[in-house]
Amino acid sequence: MTDAPVLDTEELAVEQMTVKSSIREYFARVRGGEIGALPAVLGLLSLVVFFTAMEPDRFASLLNFANLINQSAMIVFISMGLVFVLLLGQIDLSAGVTAGTSGAVLAVLLTNHGVAWPVAIGVCLLTGTAIGLTIGLIVARLGVPSFVVSLAFFLGLQGVMLWVIGEGGTIPVRNDTILSIMNANMAPPLGWVLVVLVVGGYAAVTLAGVRNRVRHRLPAQSATIAWFKIISLAVLVTVVTYLLNQERSVNPDLTSLKGLPYIVPISIVFLVGLTFLLSRTSFGRHVYAIGGNVEAARRAGINVAGVQIICFMICSTMAAMSGILFASRDNSISPSTGGSITLLLAVGAAVIGGVSLYGGKGRVRDAMLGGLVVATIANGLPLITSASSVQFIVTAMVLLLAAAVDALSRRRAAATGHF
Amino acid sequence: MTTNGDRQPALSLRGVNKSFGAVHVLKNVDIDVYTGEVLALVGDNGAGKSTLIKGIAGSQPFDSGFYAFEGHEQRVHSPKDASALGIEVVYQDLAICDNLDVVHNMFLGRELRSGIMLDEITMERQATETLHRLSVRTLSSVRMAVASLSGGQRQTVAIARAVLWNSKVVVLDEPTAALGVAQTEQVLSLVRQLAERGLAVIFISHNMNDVFAVADRIATLYLGELAAELPASELTHTQVVELITAGRSGALGLQNGESTEVAT
């Protein structure tokens with residue numbers, strides 16, 4: 001920044017941040033335990049390198065790349081919702097089976113009752129919202145720990161799901177619109193339109209933010225750093241889009257497979273929307289405040305119970321979204337959908353991405369990044385070993401590692417005064 | 001800005017009472033706080049200081065008594081009533097969120113918005129201006145997370161938050177209790193600043209040095225009764241300690257259950 005604007009008093013001379021000071025500050029933050037997305041990015045890179053080295057043909061194929069994105073989507077959606085609950089310092093252990101139960105409602109309505117798909121989706125999402133409302137009311141109004149409430153829901157909802165599905169076992173889903181969510185790809189030119197929108201949107205928001213702060217004589221990040229971020233994003237999405245716009249079908253003459261999977265733009269919409277909610281609205285600010293110090297939030301006049309209830313509703317509604325994705329990907333809903341380790345992977349995704357289990361720290365994009373790490377493990381491990389024993393143990397160790405990193409960085413942050 | 005000449009109190013309590021079950025915690029307490037003045041409220045543990053503050057703040061309203069703000073009787077039954085009048089309380093345990101930055105903490109629960117979005121620019125400017133007006137020069141950036149601040153700086157943020165809203169009466173509950181010497185100095189000078197800026201300040205402390213450093217007048221509570229309310233200049237350390245521990249000191253204080261108030 002050339003002309004450092006100065007307020008009317010010399011004490012308030014605004015020092016605009018330079019590239020040097022920004023980098024220095026970043027490293028100071030990392031050393032102070034505020035590691036953010038660093039472990040997830042490094043973890044993802046090393047996993048990709050490792051699996052590519054082990055299975056160059058099967059792991060590092062375009063088909064598997066697209067497959068990996070789809071695989072991660074269910075976990076990412078549950079995880080994005082869980083971020084809200086984790087930020088409060090709470091947990092929702094029932095989010096996985098909420099996905100299954102809502103998915104079962106969707107499948108039964110579509111297949112058994114012939115309901116139009118928009119109505120079925122609406123009822124499916126409302127099922128999730130209602131579950132979240134109930135959990136939230138019990139936690140916030142009665143004061144029962146969310147761990148216990150959601151554990152009860154974890155068991156109870158599996159019963160509800162069996163009851164909804166009936167004795168038949170598996171409900172097939174044949175609706176084309178639902179199936180295309182996880183199975184169709186965008187036409188390649190449309191993919192490039194998306195790239196322009198994403199990069200352009202990010203650039204506009206970032207640069208406008210910098211300009212606005214400079215105009216109001218507030219310290220702003222250096223324009224060089226801003227451009228560096230924009231160009232990095234542009235390179236990343238261009239490479240991904242270019243790769244996925246290539247033909248990846250095993251037999252291109254039979255079926256052509258190219259273009260970004262539709263789940264990519266859908267995920268981006270939710271990522272942007274929920275990020276806006278958390279970082280730019282007073283609701284989001286109150287979520288962080290409650291996670292940081294619930295007593296302070298209460299004294300500041302924040303409706304703590306109200307915010308808690310809304311967060312549980314968001315979490316369960318996002319789980320219901322994931323239920324739609326399960327139905328689309330599996331072409332069916334079975335009593336085991338969303339069960340087993342689904343919830344643990346979603347919590348793991350959030351924590352690996354940098355969301356703290358202690359509350360008050362984390363972003364929506366952490367869930368997406370962590371979801372990719374978790375999906376990469378789930379995708380790559382079966383390629384190098386068919387032993388379930390190894391897969392369980394390795395996944396467990398990764399989760400434990402992420403939680404340990406969270407605890408250690410928190411301790412480091414407490415010691416050095418960063419957060 | 002000091003308006004000591006005009007003797008209308010900013011906040012005036014007459015004969016307030018508060019009981020918890022059979023325990024009569026406040027007995028007919030009279031308190032006046034004047035604009036531009038620091039009133040130190042002292043008393044032993046259990047003397048009723050906290051109960052008095054909670055009554056003023058509205059979080060535990062008084063059972064009976066007269067509560068007047070700027071000469072008009074008010075009904076203060078919730079913290080919102082008190083903030084609406086311009087009465088802010090800075091509690092001992094700070095009520096600050098470590099994971100948020102200084103600006104976010106100062107505007108917590110009362111965020112400024114433009115549309116549905118937070119108006120970060122205006123909040124940051126107002127926070128900076130308020131801190132500057134209070135001559136706070138110890139914060140390098142208002143975007144620092146509060147967790148990285150020292151105890152004195154955190155107390156400064158808590159006090160600045162109370163001032164931000166054009167408040168008229170600020171109640172400080174033991175703001176120096178956990179601070180070192182230099183930081184105590186900082187906070188005390190900030191307390192003086194508040195009074196000089198035309199606020200009425202109620203300052204609660206156990207530390208007599210701090211009390212005499214900032215107080216214009218000293219009110220002593222003894223077992224729920226007002227033992228004495230006198231200008232700090234007319235009292236000595238020893239007298240205040242006696243008032244706190246025995247409720248009386250020579251001719252001052254409670255005589256046979258009656259309190260003597262010397263005109264100020």
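The values are calculated or read from the model by the stated rules, or taken from the named source; none is laboratory data. All values derive from a computational prediction rather than experimental measurement. Note: ideal-geometry Cβ built from the backbone for every residue, glycine included; neighbour counts use all protein chains shown.
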Conditions (1) touching a helix residue (DSSP H, G or I) at 6+ places or on another chain (Cβ under 9 Å); (2) farther than 17 Å from A:Met368 by Cα -> A:Ser256 fails only (1)
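Checking the conditions here, which among A:Leu88, A:Leu42, A:Leu82, A:Leu38 is over 30 Å from A:Ser328 (Cα atoms), away from chain B (no Cβ under 14 Å), within 20 Å of the chain's Cα centre (by Cα) and at pLDDT 85 or above?
On the way: A:Leu88 fails: away from chain B (no Cβ under 14 Å); A:Leu82 fails: over 30 Å from A:Ser328 (Cα atoms); A:Leu38 fails: at pLDDT 85 or above.
Answer to the selection: A:Leu42.
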Of those in segment B:139-167 that are surrounded by fewer than 21 Cβ atoms within 10 Å (Cβ to Cβ) and more than 14 Å from every other protein chain (Cβ to nearest Cβ), the residue modelled with the highest pLDDT is B:Ser167
Here the residues within segment B:55-69 that are surrounded by fewer than 18 Cβ atoms within 10 Å (Cβ to Cβ) and in a helix (DSSP H, G or I) are none
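Just for segment B:168-187: of the residues that are free of Cβ contacts under 8 Å to residues at least 60 places away in the same chain and closer than 19 Å to B:Ser135 by Cβ, which one is surrounded by the most Cβ atoms within 10 Å (Cβ to Cβ)? Don't jump to the end; show me each part of the working.
Step one: filter segment B:168-187 for residues free of Cβ contacts under 8 Å to residues at least 60 places away in the same chain, giving B:176, B:178-187.
Now narrow it down to the ones that are closer than 19 Å to B:Ser135 by Cβ: B:176, B:179, B:182-187.
Details: B:Thr176: 27, B:Leu179: 20, B:Ala182: 9, B:Gln183: 19, B:Thr184: 22, B:Glu185: 15, B:Gln186: 21, B:Val187: 21.
Step by step, filter segment B:168-187, then rank; the result is B:Thr176.
Per-residue answers, yes or no, for (1) within 13 Å of the chain's Cα centre (by Cα); (2) within 30 Å of A:Arg412 (Cβ to Cβ); (3) surrounded by fewer than 24 Cβ atoms within 10 Å (Cβ to Cβ):
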position	(1), (2), (3)
A:Cys315	yes, yes, no
A:Met318	yes, no, no
A:Ser332	no, no, yes
A:Ile341	no, yes, yes
A:Leu344	no, yes, yes
A:Ala349	yes, yes, no
Task: Flag for B:Asn45 being modelled with pLDDT of 90 or more and either in a loop (DSSP other than H, G, I, E, B) or at the interface with chain A (Cβ under 10 Å from one of its Cβ atoms) (or both) - done: no
Residue set A:Leu190, A:Leu218, A:Leu207; condition touching a residue at least 24 places away in the same chain (Cβ under 8 Å), of a type in the set (A, V, I, L, M, F, W, C), farther than 30 Å from A:Pro335 by Cβ and assigned to a helix (DSSP H, G or I); output residue A:Leu190
Per the list (1) touching a residue at least 12 places away in the same chain (Cβ under 8 Å); (2) outside any helix (DSSP H, G or I); (3) out of contact with any strand residue (DSSP E or B) (no Cβ under 6 Å at 6 or more places or on another chain), residue check on B:Asn28 breaks on (3)
When segment B:108-126 is checked residue by residue, the ones that are more than 8 Å from every other protein chain (Cβ to nearest Cβ), acidic (Asp, Glu) and touching a helix residue (DSSP H, G or I) at 6+ places or on another chain (Cβ under 9 Å) are B:Glu120
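Each row is one residue, and each column tells you yes or no for (1) facing chain A (nearest Cβ under 7 Å); (2) surrounded by fewer than 18 Cβ atoms within 10 Å (Cβ to Cβ); (3) of a type in the set (Lys, Arg).
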| site | (1), (2), (3) |
| --- | --- |
| B:Ala84 | no, yes, no |
| B:Val90 | no, no, no |
| B:Asp98 | yes, no, no |
| B:Val102 | no, no, no |
| B:Met106 | no, no, no |
| B:Thr128 | yes, no, no |
| B:Val136 | no, no, no |
Every listed condition ((1) more than 14 Å from chain A (Cβ to nearest Cβ); (2) hydrophobic (A, V, I, L, M, F, W, C); (3) out of contact with any Asp or Glu (no Cβ under 8 Å at 6 or more places or on another chain)) holds for B:Ala57 save (1)
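Is it the case that A:Thr376 is more than 11 Å from the chain's Cα centre (by Cα), surrounded by fewer than 18 Cβ atoms within 10 Å (Cβ to Cβ), of a type outside the set (A, V, I, L, M) and more than 14 Å from chain B (Cβ to nearest Cβ)? Show your work before the answer.
Details: more than 11 Å from the chain's Cα centre (by Cα): yes; surrounded by fewer than 18 Cβ atoms within 10 Å (Cβ to Cβ): no; of a type outside the set (A, V, I, L, M): yes; more than 14 Å from chain B (Cβ to nearest Cβ): yes.
In short, no.
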In segment A:222-268, residues that are of a type in the set (Ser, Thr, Tyr) and within 30 Å of A:Met318 (Cα to Cα) total 6
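Please verify whether A:Met368 is assigned to a helix (DSSP H, G or I), more than 18 Å from the chain's Cα centre (by Cα) and of a type in the set (A, V, I, L, M, F, W, C), treating the condition exactly as stated. Lay out the reasoning, then the answer.
Values: assigned to a helix (DSSP H, G or I): yes; more than 18 Å from the chain's Cα centre (by Cα): no; of a type in the set (A, V, I, L, M, F, W, C): yes.
No: the conditions fail for A:Met368.
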Residue pairs qualifying under the 8 Å Cβ cut-off, at least six apart or on distinct chains, with the first in segment B:69-98 being closer than 19 Å to B:Asp32 by Cβ and the second being polar (S, T, N, Q) and at pLDDT 85 or above, are B:Phe69/B:Ser12; B:Gly71/B:Ser12; B:Leu85/B:Gln74; B:Gly86/B:Ser167; B:Ile87/B:Ser167; B:Glu88/B:Ser167
- prompt: On the given criteria, is B:Arg110 out of contact with any Lys or Arg (no Cβ under 7 Å at 6 or more places or on another chain) and surrounded by fewer than 17 Cβ atoms within 10 Å (Cβ to Cβ)?
  reply: yes
